2 protein chains.
Amino acid sequence: MAPRPTSTAGPSTKERILAAALDLFSQRGYTAVSVRDLARAVGIKESSLYNHFSSKEEILTTIYANFRAGLQSSLPPVAALDRLLEKYDPETFLQQGFQLFQQNVSNPAIMQAWRIVHMEQYRDPVAQEILLTEIYGRTVSFLEEVFRRLIAAGRVRPFDPQLLAVEYQYPVFALMTEYAIRLTDEQGLAEVEQRVQAHIAFFISLVRS
Amino acid sequence: MAPRPTSTAGPSTKERILAAALDLFSQRGYTAVSVRDLARAVGIKESSLYNHFSSKEEILTTIYANFRAGLQSSLPPVAALDRLLEKYDPETFLQQGFQLFQQNVSNPAIMQAWRIVHMEQYRDPVAQEILLTEIYGRTVSFLEEVFRRLIAAGRVRPFDPQLLAVEYQYPVFALMTEYAIRLTDEQGLAEVEQRVQAHIAFFISLVRS
DNA sequence: GTCTATACAGTGATAGAC
DNA sequence: GTCTATCACTGTATAGAC
């Protein structure tokens, strides 16, 4: 079959393979899922799968790449910070961290990729780098800049901006991980969301000047 | 060979298998390590390994059990709390959380088991339970009781004790995980330790009354 | 308790017909 | 782009000699 033959076509085979891989890898881990499992889930033969990816590893690499791309777009550019900080008071601005949290955890593909990266982090240097650099590093750098400006504007007490960034963000990450574990747990989301809210409120009440 | 034949005997074969399993599982993950790999690392044949464990899974179960047992002994009993809180001021007491951190991260077997449990948490309900109940749940309950008493004694501002427990502990866990990723990184320990210290100092300065 | 030998299902991947 | 067929290899586990 030619790729995407009609205008009403659903997802391409390649996309269906990636969806199945997200699903299975996030449940069992990369190593425990075989190419046969993947092919069966998609409804094609193993050999057909190799028409879309040259190896099992390349599927994982593609998942990483998509996850990275999604992360890039989730933080506003630093250039836009001044305008945003003028527009919103610190509470409102930091509360938007909660909306970012909600936005991420309610996107199944993101949470599946999050699980996969966390599972593979110890054995796969690429996963490790995504986690340490792209997620932890990037977010903390961004927030550090936010706090630097909030302190300069006299809206936050003069603590070390990097310390503030870590104190604000690490509990959020920990709660995202806790939510990722409970993905199948219906009431998990509401409870975790409420705890993120509590954290943000507590944090703001302590550091505002 | 009879078990532990002489008084100068080193570790038993069973212990050597467990050590090799901690090593390999923590690096590559349970699924990616084969019984052949384990036997080779110990220096015996696969078939000999089955004289000590009835299955590969039983090795993992034993690692979990040992990890659990180690955790049980790492928190003081609640019964001893009043005496400890009388003896130490809040700063000193909470600083001891740092010593617990140091004690854990400097024990390779604990950090290897920590890695394994984190790797397997998404696919293995037992790992999940250890993490959510034994580690997160137990520690937070303990600290909740600590803060309840510190508040009652007028030494800490009257926030929700459970919120305080989470705010104190989650960054510590996040930093332990970050340290676990960098296990092989020589300078990682010093940097992470310093950040744990900074977190504790920051936290105490904000909540003390 | 360790070994050799073996069973046998599952693994990632390829060749070549359609 | 999918299929059938097949490959060499690795997976966990067992039987039985020493």
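Values as computed for the structure displayed
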quantity: Within the stretch A:151-172, considering residues that are more than 14 Å from every other protein chain (Cβ to nearest Cβ) and of a type outside the set (D, E, K, R), the one surrounded by the fewest Cβ atoms within 10 Å (Cβ to Cβ); calculated: A:GLY154
quantity: Hits in the stretch B:12-68 - residues which are part of a loop (DSSP other than H, G, I, E, B), among the polar types (S, T, N, Q) and away from every other protein chain (no Cβ under 14 Å); calculated: B:SER12, B:ASN51, B:SER54, B:SER55
quantity: Residue in the stretch B:77-94 that is assigned to a loop (DSSP other than H, G, I, E, B) and within 16 Å of DNA strand C (Cβ to nearest atom) present; calculated: no
quantity: Any hit, the stretch A:101-121, residues being within 14 Å of chain B (Cβ to nearest Cβ), hydroxyl-bearing (Ser, Thr, Tyr) and not in a helix (DSSP H, G or I); calculated: no
quantity: Check on B:ARG148, surrounded by fewer than 17 Cβ atoms within 10 Å (Cβ to Cβ) and either more than 9 Å from chain A (Cβ to nearest Cβ) or of a type in the set (D, E, K, R) (or both); calculated: no
quantity: Subset of the stretch B:7-66 (residues that are more than 9 Å from DNA strand D (Cβ to nearest atom), surrounded by fewer than 16 Cβ atoms within 10 Å (Cβ to Cβ) and polar (S, T, N, Q)); calculated: B:SER7, B:THR8, B:SER12, B:THR61, B:ASN66
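Residue by residue, here is whether (1) more than 23 Å from A:LEU131 (Cβ to Cβ); (2) in contact (Cβ under 8 Å) with a residue 60 or more places away in the chain; (3) in contact with a helix residue (DSSP H, G or I) (Cβ under 7 Å, 6 or more places away or on another chain) holds:
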{"site": "A:PHE53", "(1), (2), (3)": "yes, no, yes"}
{"site": "A:ILE59", "(1), (2), (3)": "no, no, yes"}
{"site": "A:GLN72", "(1), (2), (3)": "no, no, no"}
{"site": "A:GLN95", "(1), (2), (3)": "yes, yes, yes"}
{"site": "A:GLN99", "(1), (2), (3)": "no, no, no"}
{"site": "A:VAL105", "(1), (2), (3)": "no, yes, yes"}
{"site": "A:ALA113", "(1), (2), (3)": "no, yes, yes"}
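Where a number appears in this text, it was derived from the coordinates with a stated rule and is not lab data. Only a predicted model underlies this, so the values are computations on that prediction, with no experimental measurement involved. Please note: Cβ atoms are built from the backbone with ideal geometry, for glycine as well, and neighbour counts cover all protein chains shown.
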